[in-house]
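The values are calculated or read from the model by the stated rules, or taken from the named source; none is laboratory data. Computed from a predicted model, the values in this text were never measured in an experiment. Please note: Cβ atoms are built from the backbone with ideal geometry, for glycine as well, and neighbour counts cover all protein chains shown. What goes into the accessible areas is simple: the full protein's heavy atoms, side chains included, and nothing from ligands, DNA or RNA. Shrake-Rupley method; radii C 1.70, N 1.55, O 1.52, S 1.80 Å.
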Amino acid sequence: MLEKIISLTNEALYSYVLLILLVAGGLYFTIRTRFAQFRLLGQQFKAVTEKTDKNGVSSFQALMVSTASRVGTGNIIGVATALCLGGFGSVFWMWVIAIIGAASAFVESTLAQIYKKRGTDGCYGGPAYYIQAATGRRWPAILFSVFLILTYGFGFNMLASYNLQATFSVYGFYDAGATPWIIGLAVALLVGYCLIGGGKRIVGVTSLLVPVMGALYILVALIITVLNADMLPGVFRQIFVGAFDGQAIFGGFGGSCVMYGIKRGLFSNEAGVGSAPNASASAEVSHPAKQGLVQVLSVFIDTLLVCTATALMCMTSGVAPATTSGEAAAYVQRALSASLGSLGPLFITVAMALFAFTTLLGNLYYVDKTINYLCGKEPTRRVRNACYVAASLVIFVGAGLSADLLWGIADITMGGMTLINMPIILYLGRYAIRALRDYEKQRKAGGKITFRAKDVGLPHQTDYWNEE
């Protein structure tokens, strides 16, 4: 009964409400920013390399934290689930939601920079702060924060833990009764150790692991795709035919390629959800628009590179997709075995271990910053440690639960975040767009680029950007 309720709720959310909100919002921001996600691609790379105070969080580090959360198990098992349940056409709709959503990612991360706060350990912030500023009330921001904690502290982390242990199911030693719990316990203890070091340890670990992990994974996927290059024309034909097949789209929309493409694409790149701004606000930059451009790059890395790599790696293998979400991990393993032999399952297990670990750390970084907002200040060590114990326990429990239940819960709580965040950034978006114009004007004029809140007509008081 619970799974049925969750399924019906998800169908209503992703068939109508979120589809309209995300696509319409993304198109609006794409037009208002004059296609900044493409037009300013060079500036996105330049902004990542901006030098900052050695004691602060750089744009690159903030990018790695948000990419750690985005580039995770969703890029492997999430994509595989979309292929299994939505068909090959779902890949096209993943691309669409990423390309359009990148403009929303720019706006929400620029707003996070504008409204960021000063802390004892640098700057911090996120959607909760600009939501409170926009509404003049604290309760909508609290509601958003609760959804974020449920999504990243519970739903996504339980799912990441489950997906990780599921990749071991192809090995002879795997025991369905004991192995998931053993793996869940090991991961929970390792993550707990990193959490004790606080935010800076999380930033340090993710900024080291994410580039290596992503580059290696894309390289192997590229090799497999090249080995099976003769299948590429047929694969792309299946993607585009499936994407626009009337029966696949409208025949039971709840299970269509469009819905699965949007759900798994949103789960993967998180554009418009309101998660990445928590990392964006912690960066030390000379202009808020720079960090917005950095987060556009993160969306592209996630979906157009890593998700596409997974999709092509699986589709060119010639292995038929499974028919249930619980078999998605096994489908990826079989696809790699067909191309790499016995090395395939081993590689995907190692990749999943790294992806899951960095996903868990990136997610809990968001939770950590959200707890700061709910407490009104940085919590005491006792409160923080209690949260870390709870987070580790959730990771342990998630390893042994049902895949369908975990996907359903995560999709609903993520949808709740999006329903609050998207209307707010649509309302405040004018200031992010003015900030972009201010940035482009200064860049064209040459010289040092700076930002003042009054130059974009911001009506709210901010901790930063007030100097003459």
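Across segment 176-191, coupling constants 3J(HN,Hα) worked out from phi with the 6.51/-1.76/1.60 Karplus curve, θ = phi - 60°, read 4, x, 10, 4, x, 6, 5, 5, x, 5, 4, 5, 4, 5, 5, 5 Hz, and Gly and Pro carry x. Each part reduced to its alpha carbon centroid, segment 29-43 and segment 412-438 end up 16 Å apart.
Cross-link check: pairs Lys117/Lys448; Lys290/Lys441; Lys116/Lys441 evaluated at a Cα-Cα cut-off of 19 Å; pairs beyond the cut-off: Lys117/Lys448; Lys116/Lys441. Principal-axis analysis of the Cα atoms of the chain puts helix 381-398 at an angle of about 20° to the longest axis. Based on protein heavy atoms only, the chain ends up with 38 Å² per residue of surface accessible to a 1.4 Å probe. To the nearest ten degrees, helix 403-445 and the longest principal axis of the Cα atoms of the chain are 40 degrees apart. So if R0 is 60 Å, what FRET efficiency would Arg452 and Ala178 give, r being the distance between their Cβ atoms, rounded to the nearest 0.05? After rounding, the FRET efficiency stands at 0.50.
Put simply, the amide H of Ala283, placed in the peptide plane, has no neighbours under 5 Å, leaving out anything fewer than 5 places away on its chain. When all protein chains stay in place and ligands, DNA and RNA are ignored, the 1.4 Å accessible-area order of Leu22, Leu401, largest first, is Leu401, Leu22. The tail of the calculated P(r) for segment 323-392, taken as Cα-Cα distances beyond 16 Å, holds 63 percent of the pairs. By a 1.4 Å probe calculation restricted to protein chains, Leu85 has an accessible surface near 50 Å², given to the nearest 10. Using the beta-carbon distance between Arg430 and Thr120 and R0 = 30 Å, what value does 1/(1 + (r/R0)^6) give for FRET efficiency, to the nearest 0.05? Calculated transfer efficiency: 0.40.
With the Cα gyration tensor of the chain in hand, give its eigenvalues times 5 under a square root as the equivalent ellipsoid semi-axes, listed largest first in whole angstrom.
Taking √(5λ) for each eigenvalue gives 34, 25, 21 Å, largest first.
Candidates Thr324, Val191, Pro277 compared by Cα position along the dipole of the chain: farthest toward the positive end lies Pro277, with charges placed on Cβ.
Be a star and scan segment 118-139 for residues whose amide nitrogen sits under 17 Å from the point 7 Å along the Cα-to-Cβ vector of Thr380. The answer is none. Protection proxy ranking, highest mean first, for peptides 386-395, 277-286: 277-286, 386-395, where packing is the per-residue count of other beta-carbon atoms within 10 Å, averaged.
Extension gain for Arg137 to Leu401 (0.36 nm times residue separation, less C-alpha to C-alpha distance): 91.3 nm.
Overall, the ratio between the Cα radius of gyration of segment 397-468 and 2.2 N^0.38 Å, rounded to two decimals, is 1.79.
Note the full-extension length gain between Glu467 and Leu393 as 0.36 nm times their separation in residues minus their Cα-Cα distance, in nm to one decimal.
Extra length available between Glu467 and Leu393 comes to 22.1 nm.
Computed from phi, the 3J(HN,Hα) profile of segment 272-288 under the Karplus parametrisation 6.51, -1.76, 1.60 (θ = phi - 60°) reads x, 6, x, 9, 4, x, 5, 7, 4, 5, 7, 7, 9, 10, 7, 8, x Hz, with x in place of Gly and Pro.
When you count the other C-beta atoms within 10 angstrom of each residue and take the mean per peptide, 299-307, 366-374, 316-324 line up highest first as 299-307, 366-374, 316-324. Each part reduced to its alpha carbon centroid, segment 114-184 and segment 288-329 end up 20 Å apart.
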